[in-house]
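K.L.:
One structure follows; several queries about it will come next.
The values are calculated or read from the model by the stated rules, or taken from the named source; none is laboratory data. Being a predicted model, the structure only gives us computed values, none of them experimental. Here the Cβ positions follow ideal geometry from the backbone for every residue, glycine too, while neighbour counts run over all protein chains shown. Protein only, heavy atoms only, side chains kept; ligands, DNA and RNA dropped before computing areas. Shrake-Rupley method; radii C 1.70, N 1.55, O 1.52, S 1.80 Å.
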Amino acid sequence: MNSCTRCGHIPDLPDKGQLLVRVKEEHKMMKLITRLQHEKFTYIVNENDIFYIEYAGKEELLQLIEQLDAELLSSEEVQATYSAYGEEHFARFIPYVQLRERIMQWPLVKVINEGLFTQHIQPVIKLQTNDVYGYEFLVRPTPPHLSFNPGSLFSFSQKAGLQSILDSQARISSIEISSKLLENGMKRFINFLPSSIYDPAHCLKSTLKAVERHQVRPEDLVFEVVETEKIHDVNHLKKIFTVYQSEGIHVALDDLGAGFATVEVLKELKPNFAKIDRAIIDYCDQNETKQAKIKEIVSVADAYGITLLAEGIERKEEAEFCLDLNIPLAQGYYFGRPQKNPVTNVYPYAN
């Protein structure tokens, strides 16, 4: 079994195999031994304090995990992996809590591992003319494969330590699909998780190769910080932006005005685009507090040469208010829902 890397392929979970657990704390080792003996699981412990615990089928593995949780979930230091029965080689050790997530929801691991998803696209509109400016790419299931909620898939990937693989797969699939659907000059807004890119110069190589392989113009790409991602390290995000921009690719800050995406962060990062959070846009035409917030954002964006996009527009009045403030771009169900193919006319959606 090949050892997996942070962004590499995850070895299959064997039907009959061994769960390997490495425990550093002696008192936990004793508790684990007591538990295994009580539940009559077959196991050995080697000189490196690694438990090799046998299981005869995936149902038995799930039962094993259930029995071990009480002893292992409370410690972040416990490492675990798995091996086919009789194999000396095994996947690399990862935190037990991550491996547990993978085993309990292995079908989602398969979705990520094999890229069993596609992308739907939602139009981004020029407010002045109602012309389509570009599309945001959004992960969706592909029948007949496992159906999933995209938000839940990304949440699972983070708990299971698979966000780097999923994020990279999603970026590359967006680039490939965009090359087939869109003409040059049409912008492609693609989400990314900053935490999945631990070394921008290294981690983005596959993305840049995909841009070249599918002959997509770098200037047509806009990579945006995904809406669920907390901005823990602004300097790290700056480095990611710098790598993208050095290749001629544009970058965007999502959810501006909500959570971690503050006006101060906008000033520091100076992205090419910024998306005003849908919570602020919602009924902004009737809310003076929201109007003041949007006007502040517009003022900062104008001062720094940042192109604004109003997200989550669902009503004509919201679109008109943003237009009156000269916000150039908009996106939302009022103009079009995510779908497989590009729209040719936004008006049927607006009406």
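K.L.:
Looking at (1) of a type in the set (Val, Ile, Thr); (2) open to solvent by less than 20 Å² (accessible area, probe 1.4 Å); (3) at pLDDT below 95, find the lone condition where VAL234 falls short.
P.N.:
Among (1) of a type in the set (Val, Ile, Thr); (2) open to solvent by less than 20 Å² (accessible area, probe 1.4 Å); (3) at pLDDT below 95, VAL234 violates only (2).
K.L.:
When you scan the range 326-341, do you find a residue that is touching a Lys or Arg at 6+ places or on another chain (Cβ under 6 Å), open to solvent by less than 70 Å² (accessible area, probe 1.4 Å), outside any loop (DSSP other than H, G, I, E, B) and in contact (Cβ under 8 Å) with a residue 40 or more places away in the chain, even just one?
P.N.:
no
K.L.:
Continuing with this model, one more query. Would you point out which residue out of SER174, SER195, SER157 is under 30 Å from ARG100 (Cα atoms), in a helix (DSSP H, G or I) and open to solvent by 20 Å² or more (accessible area, probe 1.4 Å)?
P.N.:
Within the list SER174, SER195, SER157, the selection yields SER195.
K.L.:
Filter the range 261-309 for residues that are closer than 15 Å to GLN331 by Cβ and in contact with a Pro (Cβ under 9 Å, 6 or more places away or on another chain); which is most open to solvent (accessible area, probe 1.4 Å)?
P.N.:
Step by step, filter the range 261-309, then rank; the result is THR307.
K.L.:
Could I ask something else about it? Just to check your reading of the model, which residue among ILE306, ILE280, ILE313 is modelled with pLDDT of 95 or more, touching a Phe, Trp or Tyr at 6+ places or on another chain (Cβ under 6 Å) and hydrophobic (A, V, I, L, M, F, W, C)?
P.N.:
Unique residue meeting the criteria: ILE313.
K.L.:
Out of PHE241, PHE260, report the one residue that is in contact with an Asp or Glu (Cβ under 9 Å, 6 or more places away or on another chain), at pLDDT below 95, farther than 20 Å from HIS120 by Cβ and of a type in the set (Phe, Trp, Tyr). Even if it seems obvious, please write down each step before you answer.
P.N.:
On the way: PHE241 fails: in contact with an Asp or Glu (Cβ under 9 Å, 6 or more places away or on another chain).
That would be PHE260, the only listed residue that is in contact with an Asp or Glu (Cβ under 9 Å, 6 or more places away or on another chain), at pLDDT below 95, farther than 20 Å from HIS120 by Cβ and of a type in the set (Phe, Trp, Tyr).
K.L.:
Same structure again: Exactly one of (1) in contact (Cβ under 8 Å) with a residue 12 or more places away in the chain; (2) loosely packed, with under 15 Cβ neighbours inside 10 Å is unmet by HIS38. Its number?
P.N.:
In the conditions (1) in contact (Cβ under 8 Å) with a residue 12 or more places away in the chain; (2) loosely packed, with under 15 Cβ neighbours inside 10 Å, HIS38 misses (1) alone.
K.L.:
In the range 16-28, which residues are open to solvent by 30 Å² or more (accessible area, probe 1.4 Å), modelled with pLDDT under 90 and either in a helix (DSSP H, G or I) or under 15 Å from LEU64 (Cβ atoms) (or both)?
P.N.:
Here is the first cut: in the range 16-28, the ones open to solvent by 30 Å² or more (accessible area, probe 1.4 Å) are 16, 22, 24-27.
Now restrict to residues that are modelled with pLDDT under 90: 24-27.
Result: GLU26, HIS27.
K.L.:
Still on this model: Examine the range 157-174 for a residue that is within 27 Å of PRO328 (Cα to Cα) and free of Cβ contacts under 8 Å to residues at least 60 places away in the same chain, and state whether such a residue exists.
P.N.:
Looking for residues that are within 27 Å of PRO328 (Cα to Cα) and free of Cβ contacts under 8 Å to residues at least 60 places away in the same chain, one finds at least one in the range 157-174, hence yes.
K.L.:
Turning to a different aspect of this structure: Could you tell me how many of the residues in the range 127-162 are under 28 Å from LEU308 (Cβ atoms) and not aromatic (Phe, Trp, Tyr)?
P.N.:
Keep residues of the range 127-162 that are under 28 Å from LEU308 (Cβ atoms), which gives 127-140, 150-151, 154.
So of that shortlist, the ones also not aromatic (Phe, Trp, Tyr) come out as 127-132, 134, 136, 138-140, 150-151.
Result for the range 127-162: 13.
K.L.:
Which one is modelled with the lowest pLDDT, of the residues in the range 57-108 that are open to solvent by 20 Å² or more (accessible area, probe 1.4 Å) and polar (S, T, N, Q)?
P.N.:
If we take residues in the range 57-108 being open to solvent by 20 Å² or more (accessible area, probe 1.4 Å) and polar (S, T, N, Q), then SER74 is modelled with the lowest pLDDT.
K.L.:
Would you please name the residue that is nearest to ILE10 (Cα to Cα), looking only at residues in the range 124-147 that are under 20 Å from the mean Cα position of the chain (by Cα) and crowded, with 20+ Cβ neighbours inside 10 Å?
P.N.:
The residue in question is VAL139.
K.L.:
Pairs please, first residue from the range 85-96 and over 17 Å from ILE44 (Cβ atoms), second anywhere and open to solvent by 90 Å² or more (accessible area, probe 1.4 Å) and in a loop (DSSP other than H, G, I, E, B), Cβ atoms under 7 Å, 6+ apart in sequence or on different chains.
P.N.:
PRO95/GLU76
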